[in-house]
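A.B. asks: Have a look at this one before I ask anything.
The values are calculated or read from the model by the stated rules, or taken from the named source; none is laboratory data. Bear in mind the structure is a predicted one, so any value in this text is a computation, not a measurement. Virtual Cβ from ideal backbone geometry, glycine too; neighbours counted across all protein chains shown.
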Amino acid sequence: MGEIDNARQQREALRKSKGRPTDSGRRASTGILRYLGVNLYRERNRAAAAEKHDADGKEDSDD
């Protein structure tokens with residue numbers, strides 16, 4: 001019975017040391033985060049450009 005418990009503990013330690021996500025899962029999640037980050041970056045730039053355009057338009061109308 002001691003051998004079974006020892007094997008179980010070794011498996012548990014190996015699983016914990018590896019961390020829950022597998023390498024492929026980690027790669028996939030970083031890819032998704034990178035994709036979302038690019039979209040957020042583009043969206044932020046688009047919003048900033050729109051605000052700048054609005055500000056330019058308001059300055060012109062004030063004259």
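A.B. asks: Is it true that some residue in the stretch 31-43 is at pLDDT below 80 and not in a helix (DSSP H, G or I)?
C.D. replies: No, the stretch 31-43 contains no residue that is at pLDDT below 80 and not in a helix (DSSP H, G or I).
A.B. asks: State whether one or more residues within the stretch 16-30 are of a type in the set (Gly, Ala, Ser), at pLDDT below 70 and in contact with a helix residue (DSSP H, G or I) (Cβ under 9 Å, 6 or more places away or on another chain).
C.D. replies: Yes; the residues of the stretch 16-30 include at least one that is of a type in the set (Gly, Ala, Ser), at pLDDT below 70 and in contact with a helix residue (DSSP H, G or I) (Cβ under 9 Å, 6 or more places away or on another chain).
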